[in-house]
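Let me begin by presenting the structure, written as structure tokens, before commenting on it.
The values are calculated or read from the model by the stated rules, or taken from the named source; none is laboratory data. Quick caveat: nothing in here was measured; it's all calculated off a predicted structure. Note: ideal-geometry Cβ built from the backbone for every residue, glycine included; neighbour counts use all protein chains shown. Surface accessibility is based on the protein's heavy atoms, side chains included, excluding ligands, DNA and RNA. Shrake-Rupley method; radii C 1.70, N 1.55, O 1.52, S 1.80 Å.
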Amino acid sequence: MADTIVMTGVFMGLIATVAMDVWALFLRRVAGQPTPNWAMVGRWVGHMPRGRLFHDDIGEATPVAGELAIGWVFHYAVGAAYGVALALIMGADWLSAPTFLPAWIFAVLTVGFGWFLLHPGMGLGWAASKTPKPWKARGLGLAAHTVFGFGLWLGALL
């Protein structure tokens with residue numbers, strides 16, 4: 001049973017991550033919002049084994065071979081891990097009749113990892129505080145994670 005829950009969680013997380021990426025493409029097309037730069041995330045991840053978690057400006061850090069691919073793999077691996085975490089937390093009963101609210105609450109809570117680990121790690125400050133428009137970045141993050149929550153729920157329904 002645990003194997004089924006884990007595999008369902010991976011599926012949920014991958015569907016949710018795709019939904020988030022489609023949302024980013026929609027925002028680029030409709031509102032001109034730049035899509036996430038996964039190469040910089042890959043650079044951040046690539047520096048972790050070298051003992052560097054926090055940077056003043058990830059763009060100034062030494063480039064890492066394959067950083068774009070690393071960033072994309074990390075993005076989908078985190079999405080899959082979140083899906084597994086939600087599936088394990090909610091259990092088989094919820095997976096047999098998933099509802100949106102728990103998926104949404106969980107997804108919104110996961111924005112904290114971005115705000116309090118990824119952003120400061122890349123030199124953007126806590127919750128994007130060092131960006132030109134921190135509240136816009138925070139709002140976009142919450143919207144993206146809402147879409148992620150919808151994707152988790154959709155993945156559970158499928």
Among PRO63, PRO36, PRO98, the single one that is in a loop (DSSP other than H, G, I, E, B), touching a helix residue (DSSP H, G or I) at 6+ places or on another chain (Cβ under 8 Å), under 18 Å from LEU152 (Cα atoms) and at pLDDT 95 or above is PRO98
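Give ILE15, ILE105, ILE70, ILE58 a once-over and let me know the one that is open to solvent by 20 Å² or more (accessible area, probe 1.4 Å) and more than 16 Å from PHE150 (Cβ to Cβ).
Details: ILE15 fails: more than 16 Å from PHE150 (Cβ to Cβ); ILE105 fails: more than 16 Å from PHE150 (Cβ to Cβ); ILE58 fails: open to solvent by 20 Å² or more (accessible area, probe 1.4 Å).
From the options ILE15, ILE105, ILE70, ILE58, the qualifying one is ILE70.
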Looking at (1) under 18 Å from ALA39 (Cα atoms); (2) within 15 Å of the chain's Cα centre (by Cα); (3) surrounded by 15 or more Cβ atoms within 10 Å (Cβ to Cβ), find the lone condition where LEU117 falls short.
(3)
Can you tell me which residue is least open to solvent (accessible area, probe 1.4 Å) among those in region 120-156 that are among the charged types (D, E, K, R) and more than 19 Å from HIS55 (Cβ to Cβ)?
ARG138
When you scan region 78-90, do you find a residue that is among the hydroxyl-bearing types (Ser, Thr, Tyr), assigned to a helix (DSSP H, G or I), without any contact (Cβ under 8 Å) to a residue 60 or more places away in the chain and closer than 25 Å to THR8 by Cα, even just one?
no
